[in-house]
Amino acid sequence: MVYINGKFKTNISKGVKYYNATGLIPNTKYTIGTRTVDTSGNINKTWKNFTSITAKDALPPASITNLKTISIARNYIKWNWIDPSDADFVRIMVYINGKFKTNVSKESNTTMQPADSQH
């Protein structure tokens, strides 16, 4: 019997000596708990546990899509886009003419910036 963080996940048959936990969050501690069971269904009361931490996330999120201008005026430009669907995506870093201007939080989807006449 295999448990992850106290929640039952699956039974592993005799002879199989591994369990591959998937869909975990990067850089997070997880405890695998195991108990043995015999052919009569008797469950050993002794738990064998081990704790590990998943690897840190080394992959950046996907890019935004559908970037377009919504409106313009003499002193601003308003843009809109679709956020990437990555579960760990948190913000857009906005640069105008190569210079950092601001961060826009996930699901804000628009930013309004003063028009920058420098190139």
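The values are calculated or read from the model by the stated rules, or taken from the named source; none is laboratory data. All values derive from a computational prediction rather than experimental measurement. When the accessible area is computed, the model is the full protein with side chains, heavy atoms only, and any ligands, DNA or RNA have been set aside. Shrake-Rupley method; radii C 1.70, N 1.55, O 1.52, S 1.80 Å.
What Kirkwood radius, in Å to one decimal, follows from the Cα pairs of the chain?
On the way: mean 1/r = 0.0527 Å⁻¹.
One decimal place: 19.0 Å for the Kirkwood radius.
Lysine pairs in the chain with Cα distance under 24 Å, only those 8 or more apart or on different chains: how many are there?
Lysine pairs satisfying the spacing and distance rule in the chain number 25.
Select from S63, S71, S13 the residue whose mean-square fluctuation is largest in a Gaussian network model of the chain (Cα-Cα springs shorter than 10 Å).
Most flexible of the set in this elastic network: S13.
Any idea of the accessible area per residue across the chain, 1.4 Å probe, to the nearest Å²? Walk me through the numbers before you get to the answer.
Values: 9490 Å² over 119 residues.
So the chain comes to 80 Å² accessible per residue, rounded to a whole number.
How large a share of the accessible area of the chain, in percent, is made up of carbon and sulfur atoms when the probe is 1.4 Å and the other protein chains stay in place? Before the final figure, lay out the partial values.
Numbers: 4940 of 9490 Å².
In the chain, the share of accessible area belonging to carbon and sulfur is 52 percent.
Mind checking which of R35, R91, R74 has the largest fluctuation in a GNM of the chain, springs on alpha carbons under 10 Å?
Between R35, R91, R74, it is R74 that shows the largest mean-square fluctuation.
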